Amino acid sequence: MSLQLFGHPFSSYTMKALIALYENNTPFHFRMVGPDQPENTAELARRWPLARFPLLIDGDAVVFETSAIIEYLAAFHPGPMPLIPADAKEAVPVRMLDRVFDSHVMGPVQTIVFDARRPEEAHDPYGVAQARTALDTIYAWLDHTLAGRRWAAGDAFTLADAAAAPSLFYADWVQPIGEDRTVLKAYRARLLARPSFAHCVDDARPYRPFFPLGAPDRD
């Protein structure tokens, strides 16, 4: 049985898992989760009661949480593009930056987006302001940290970049990266040009009208 990935093309974490699959041309079956695919939604909930995606099925193995999915693929379905360095010391900054992009970029983005989906009386202006400040702070840190690097952890495209691509894609929609953050803006542009992520962005285009804050007319 081929690998099965449950997810949605507009989901940042689904994109992250898809990048890993596309980078290595790993065969898989995509199982779209949405109102028009009730059988996939039901199967996702049966496999993982929280019904959160993405979720990977490989025979009897069920793997959730995107970083764990990529770790699993690296271990059991390796390809020509190793997203996690074999050297333990080199793998540390890759995994660290993976968490930075998921927690400190995508985390505040989700706070802002989820607030926009709430009823008017349930909005949290203070929480949103804190999230915007957090994004500006991490933008400054990343702009400094990524200086002189092609990819997040150096010359090789890794797990950290798979996390960075969707995180920075949506973050710049929510809290635009300042023009003075030239290193970070250039890095985001390189991610957009990467074929694996460009594939994800193109597949997600039909769903842009659903972005709660209004998707800008740009990538």
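The values are calculated or read from the model by the stated rules, or taken from the named source; none is laboratory data. What you see is a predicted model, and the numbers here were worked out from it, not measured in a lab. In this analysis, Cβ positions are derived from the backbone assuming ideal geometry, glycine residues included, and neighbour counts consider all displayed protein chains. Heavy atoms of the whole protein, side chains included, go into the accessibility calculation; ligands, DNA and RNA do not. Shrake-Rupley method; radii C 1.70, N 1.55, O 1.52, S 1.80 Å.
Checking the stated criteria, A165 turns out to be closer than 15 Å to F101 by Cβ, assigned to a helix (DSSP H, G or I) and modelled with pLDDT of 95 or more.
Select from the stretch 175-191 the residues that are in a helix (DSSP H, G or I) and either open to solvent by less than 10 Å² (accessible area, probe 1.4 Å) or among the acidic types (D, E) (or both) and list them in ascending order. I'd like the intermediate steps shown before the answer.
First, the residues of the stretch 175-191 that are in a helix (DSSP H, G or I): 182-191.
Within the stretch 175-191, L184, Y187, L191 meet the criteria.
Scanning the stretch 84-105 for residues that are open to solvent by 10 Å² or more (accessible area, probe 1.4 Å) and touching a helix residue (DSSP H, G or I) at 6+ places or on another chain (Cβ under 6 Å) yields I84, P85, D102, H104. Might you check whether a residue that is of a type in the set (D, E) and within 17 Å of G107 (Cβ to Cβ) occurs anywhere in the stretch 200-209? Looking through the stretch 200-209, none of the residues is of a type in the set (D, E) and within 17 Å of G107 (Cβ to Cβ). Within the set A116, A171, the sole residue that is within 20 Å of H8 (Cβ to Cβ), touching a residue at least 12 places away in the same chain (Cβ under 8 Å), open to solvent by less than 60 Å² (accessible area, probe 1.4 Å) and within 13 Å of the chain's Cα centre (by Cα) turns out to be A171.
Sub-7 Å Cβ pairs linking a first residue in the stretch 44-67 that is of a type outside the set (A, V, I, L, M, F, W, C) and modelled with pLDDT under 95 to a second residue that is assigned to a loop (DSSP other than H, G, I, E, B) and open to solvent by less than 70 Å² (accessible area, probe 1.4 Å), at least 6 apart or interchain, number zero.
P206 satisfies every condition listed in (1) in a helix (DSSP H, G or I); (2) closer than 20 Å to A131 by Cβ; (3) not hydrophobic (A, V, I, L, M, F, W, C) except (2).
Among the residues making up the stretch 141-168, those that are aliphatic (A, V, I, L, M), surrounded by 19 or more Cβ atoms within 10 Å (Cβ to Cβ) and in contact with a Pro (Cβ under 8 Å, 6 or more places away or on another chain) are A153, A160.
Where helices (runs of 4 or more DSSP H) fall wholly inside the stretch 11-77, the ranges with 2 or more residues that are farther than 27 Å from F211 by Cβ and under 21 Å from the mean Cα position of the chain (by Cα) are 66-76.
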